[in-house]
Structure formats: structure tokens, C-alpha cells
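Trainee: Quick one: structure below, then a few questions.
The values are calculated or read from the model by the stated rules, or taken from the named source; none is laboratory data. Since this is a predicted model, take the numbers as computed values, not measurements. Here the Cβ positions follow ideal geometry from the backbone for every residue, glycine too, while neighbour counts run over all protein chains shown.
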Amino acid sequence: MLVNAYAKRVFNLAYQFGGSYQEAEDMTQDIFLKLYGALSKYDVRRDFTAWLLTLARNHMIDVYRRTKWEKASRDEFDEHTLSAGESADPETGVDAAANRKIIWDGLNLLPPDIRMAVILRDIQDKSYEEIAEVMSIPIGTLKSRISRGRLQLAKILREKKGHDPDL
């Protein structure tokens, strides 16, 4: 029942953090196995979704640290993530795909906690309060991480796009 209710949300978070469909599937399975083992530790006074997402975030960061995962590019993109809209013009579609790849490459270079904060805020459109609870940090710290992440990402994108004003 929990897998049916939360699998899509956990998978999307894992995909956005990991960047590939296969990695996201593996992480999602691992997270639900971890959830099953941790259910006895759940405090019913807390929001279950926030608790689950915190568990998922911690698992993803652990995987990142354990494997020292750092990729320079991504081959697959979810069409709904960072979509620039569909266009009848093939050249515009190619440009949009190239821009998504550059953005993902830039996100991939951010430290895990900053990347997670930026993804949750700017891609998943979560509120600061939700993100602060999921990441178990004060809102001020969260805002600082998001601001720092956006600045770092902007610098990376400027360098990658050669100062292209259309980015």
C-alpha cells in the first residue's frame, strides 16, 4: 500500500537526484526496503510524507557518498522535468534539449545538499517549509543553500554556455 501511494514521488526525487532511469529505479527499491525496516521508528505525530522524503534524501546522499558518484553528463531526461515546452520547430527542440542537458550537468556539479535543496525548490516547486522539514534544517539555512546553489549554478551555466544570454 505504501509503495503504491509513494513510489512515483520517491522515484521522481531519485531520478532528479541521480539522473538516470535505472539508478532511480534501484534507489527507489532500496528506499522502500529501508522504509520497511524503519517503520517501527516512525513517530505517528510527525508528517509521514516528510518523514519518508527525509529517509529517501538521506539514502540518496549516502549512496552518493558511498560511490563518490559524479557524472559529467546525462543521457536520459524526463520530458516533464525542466521542459522548455514543445515546439513545432525541430531546431528549437534541439536547443531546448541541449539547454536541459547543460542545466543537468550544472546541477550535477553542485554539492549533494545544495543540489537537493535546489531540485526540491526550483524543479519540484516545494515550499520552503516542506523542504526544511524534509532536509531537517532551519528555513534560514535552507534559503542560504538555495541562494548559494542558484549562484553556483548560474556561474557554471555561464561558463558552459559561453555567456549565452538565452540560457
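Trainee: For a quick check of your reading of the model, give me the residue pairs whose first member lies in the range 12-27 and is more than 14 Å from Ile61 (Cα to Cα), whose second is modelled with pLDDT of 85 or more and hydroxyl-bearing (Ser, Thr, Tyr), with beta-carbon atoms closer than 9 Å and at least 6 apart or on different chains.
Mentor: From residues that are more than 14 Å from Ile61 (Cα to Cα), the pairs are Tyr21/Tyr15; Glu25/Tyr15.
Trainee: Another question, then. Name the residues in the range 135-167 that are among the β-branched types (Val, Ile, Thr) and modelled with pLDDT of 85 or more, would you?
Mentor: Ile137, Ile139, Thr141, Ile146, listed by residue number.
Trainee: In this structure, is Ser87 modelled with pLDDT under 60 and not charged (D, E, K, R)?
Mentor: It is true that Ser87 is modelled with pLDDT under 60 and not charged (D, E, K, R).
Trainee: While we're here: Tell me, which residue of the range 1-42 that is buried (at least 21 other Cβ atoms within 10 Å of the Cβ) and β-branched (Val, Ile, Thr) is farthest from Arg100 (Cα to Cα)?
Mentor: Ile31
Trainee: Among the residues that make up the range 42-63, is at least one of them out of contact with any Pro (no Cβ under 7 Å at 6 or more places or on another chain), modelled with pLDDT of 85 or more and within 26 Å of Leu157 (Cβ to Cβ)?
Mentor: Yes, some residue in the range 42-63 is out of contact with any Pro (no Cβ under 7 Å at 6 or more places or on another chain), modelled with pLDDT of 85 or more and within 26 Å of Leu157 (Cβ to Cβ).
Trainee: Return the pairs, sorted by first residue and then second, in which the second residue is among the small types (Gly, Ala, Ser), the first residue lies in the range 39-55 and is without any contact (Cβ under 8 Å) to a residue 60 or more places away in the chain, the beta carbons are less than 7 Å apart, and the residues are 6+ apart or on different chains.
Mentor: Qualifying pairs under 7 Å: Leu55/Ala38.
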